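Undergrad: What follows is a single structure, and I will ask about it in a moment.
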């Protein structure tokens, strides 16, 4: 699945958290499994061999949750949501990264491969639909929580996007 969609889904999971910092940490946890994608810098062969292996498992989950918890304001909720966001990423990859691309969740202690026979291609209508729904849900957050996923990049830009959406859909004056 597309990293942008992973980020949006993770950010949506964090909407119960008050602090922008904590929402950002949960979003990063949802992106963390793709750290192993950096092996692409060493060549396509290594990418094909190690992406979905090095950080797409319990070791990656433990490291991610520990780091997110260390930097969180509300440690308990962030730890739980970071763990959940990490695993939602894995489920999305199992569903929509393409047929024949397993995850080795228990690596390095086991090389057992996990996969789903119904996997759809990365460039599928299913991934497009999930991405569209996630983007619309992120924008809809402006109506309920007065923020959008744009807050990850800039609170000022997010305020503008939120103001525009609220004006358009709720008729708020500027």
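Undergrad: Which label marks the calculated value of Cα extents along the principal axes in Å, given the options (1) 57, 38, 27; (2) 49, 37, 31; (3) 52, 42, 40?
TA: Among (1) 57, 38, 27; (2) 49, 37, 31; (3) 52, 42, 40, the one derived from this structure is (1).
Undergrad: Okay, next question. Quick one: order 125, 101 by neighbouring beta-carbon count within 10 Å, fewest to most.
TA: 125, 101
Undergrad: Mind sorting 97, 10 by how few other Cβ atoms lie within 10 Å of their own Cβ, fewest first? Write down the numbers at each step before the final one.
TA: Working: 97 22, 10 28.
With the fewest neighbours first, 97, 10 line up as 97, 10.
Undergrad: Could you tell me the center-to-center distance, by alpha carbons, between region 153-174 and region 101-149 in angstrom?
TA: When both Cα centres are located, 27 Å separates them.
Undergrad: Give me 13, 133 sorted ascending by neighbouring Cβ count inside 10 Å, so fewest comes first.
TA: 133, 13
Undergrad: Also, I was wondering about something else. When the helix-only estimate is applied to the chain (DSSP H runs of n ≥ 4, each -39,500 (n - 2.57), divided by the residue count), what is the mean residue ellipticity at 222 nm, nearest 500 deg cm²/dmol?
TA: Result for the chain: -19500 deg cm²/dmol, rounded to the nearest 500.
Undergrad: Roughly how tilted is helix 75-96, in degrees to the nearest 10 and between 0 and 90, from the longest Cα axis of the chain?
TA: 60
Undergrad: How would you classify region 78-137 from its alpha-carbon gyration tensor, with a ≥ b ≥ c the square roots of the eigenvalues: rounded for a/c under 1.5, else prolate if a/b is greater than b/c, otherwise oblate?
TA: On the way: a/c = 3.91, a/b = 1.21, b/c = 3.24.
The shape class here is oblate.
Undergrad: Quote the relative contact order of the chain in percent (integer), defining contacts as alpha-carbon pairs under 8 Å separated by 6+ residues.
TA: 20
Undergrad: Still on this structure: Starting from the Cα of residue 59, step 7 Å along the direction of its Cβ; do the same at residue 117; then give the gap between the two resulting points in nm.
TA: If labels sit at residue 59 and residue 117, their model points lie 3.1 nm apart.
Computed from the coordinates by the stated procedures, all read-outs in this text should not be read as laboratory data. Bear in mind that the values here come from a model prediction, so they are computed numbers and not experimental data. Cβ: placed from backbone, ideal geometry, glycine included. Neighbour counts: every protein chain shown.
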